[in-house]
Structures are given as C-alpha cells and as structure tokens.
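Read through the structure below, which is laid out as structure tokens, and then see the notes.
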Amino acid sequence: MADLDELALAMPQTTKEVSDDGRPAYRVHGKLFCVHRGRRADAIDPDTGDRLDDVLMFRVADLGVKELLLSDARGIYFTTPHWDGYPAVLMRIPDLERLDRDELRDLVEESWLTRAQKRLAKEWLAKE
C-alpha cells in the first residue's frame with residue numbers, strides 16, 4: 001500500500017482522501033481513479049462468506065482493457081456483477097505483492113489517465 005500511495009500521489013494534481021476508517025481514495029480533478037473499497041455485498045470471500053475488506057478498485061481505459069486484465073493468468077484482477085459494463089477492475093490488497101513496482105506504476109498511471117483532464121494528460125504524456 002505504501003508503493004501504491006507513493007505512485008498515486010506522484011501523479012500531477014492527485015489528491016488523497018482518507019475515510020473515517022482509514023481507506024484511501026485517489027482523485028484527479030475530483031474524479032476517482034483508485035480507491036480502497038469498504039465491505040460490499042458484491043465482493044465475498046469464497047471460503048468464509050464474509051464481505052471482503054481488502055479490495056482496491058482501479059479505473060481502466062475501456063472494457064477491452066478490463067477484459068485483458070481479467071484474463072491475466074495470475075488471477076490478480078477480478079470483477080463482480082456490480083461492475084459489469086463499467087471500466088474498472090478490482091484487486092485484493094495482498095495481491096499487490098504479486099505485481100512488480102513497474103507493473104503497479106503502469107496500472108496507477110493508466111488509471112490516472114482515465115480521469116485526468118485531457119490537457120493535463122497530454123502534458124504528462126509528453127514528459128514521459
């Protein structure tokens with residue numbers, strides 16, 4: 001989570017809001033691009049039946065990117081019926097360790113790009 005925090009806050013004009021129970025939400029221009037979700041009925045632990053407390057949501061560019069991530073053989077990314085037709089993927093926090101830092105950076109950057117204003121995104125891409 002420290003890497004996620006560092007990478008997200010390195011993106012231009014990103015703000016971090018922390019909920020009363022300590023869950024971060026990252027926004028650019030007030031638009032959410034990554035969040036640590038609260039327990040929801042749509043994400044259940046298959047072994048215990050409990051609502052998952054460790055789920056991150058990342059925005060993605062489109063449904064094609066979503067399908068590509070969901071097809072990752074490592075099984076890191078998932079979705080639920082709540083997110084059908086919506087360009088976002090879910091991931092459990094422990095699975096962050098299965099991504100190398102470059103892969104996590106790419107995920108954060110791509111997520112940020114989906115919500116940043118076009119001018120800002122173009123400026124940032126030109127510097128990369």
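The values are calculated or read from the model by the stated rules, or taken from the named source; none is laboratory data. None of the values given here were measured: they were computed from a predicted structure. Here the Cβ is made from the backbone with ideal geometry for all residues, glycine too, and neighbour counts use every protein chain on show. Ligands, DNA and RNA are stripped out before the accessible areas are found, and what is left, the full protein with its side chains, is counted by its heavy atoms. Shrake-Rupley method; radii C 1.70, N 1.55, O 1.52, S 1.80 Å.
Things to note:
- Near pairs, Cβ below 7 angstrom, 6+ apart or cross-chain, from segment 1-21 (under 14 Å from PHE33 (Cα atoms)) to any residue that is at pLDDT below 95 and open to solvent by 40 Å² or more (accessible area, probe 1.4 Å): GLN13/HIS29
- Scanning segment 43-64 for residues that are aliphatic (A, V, I, L, M) and open to solvent by less than 50 Å² (accessible area, probe 1.4 Å) gives ALA43, LEU52, VAL55, LEU56, MET57, VAL60.
- Scanning segment 19-75 for residues that are touching a His at 6+ places or on another chain (Cβ under 6 Å) and of a type in the set (D, E, K, R), we see that the one that is modelled with the highest pLDDT is ARG23.
- Test result for SER111, of a type in the set (Gly, Ala, Ser) and in contact with a Phe, Trp or Tyr (Cβ under 7 Å, 6 or more places away or on another chain): yes
- Criterion applied to ASP84, ASP72, ASP102 was being open to solvent by 50 Å² or more (accessible area, probe 1.4 Å) and either over 25 Å from MET11 (Cα atoms) or of a type in the set (Phe, Trp, Tyr) (or both), and the one residue passing it is ASP84.
- MET11, sole failed condition from (1) assigned to a loop (DSSP other than H, G, I, E, B); (2) open to solvent by 80 Å² or more (accessible area, probe 1.4 Å); (3) closer than 29 Å to GLN117 by Cβ: (2)
- Residues of segment 25-48 satisfying the condition of being charged (D, E, K, R) and in a strand (DSSP E or B): ARG27, LYS31
- Helices (runs of 4 or more DSSP H) (entirely within segment 49-128) containing at least 1 residues that are under 12 Å from the mean Cα position of the chain (by Cα): 63-70, 101-113
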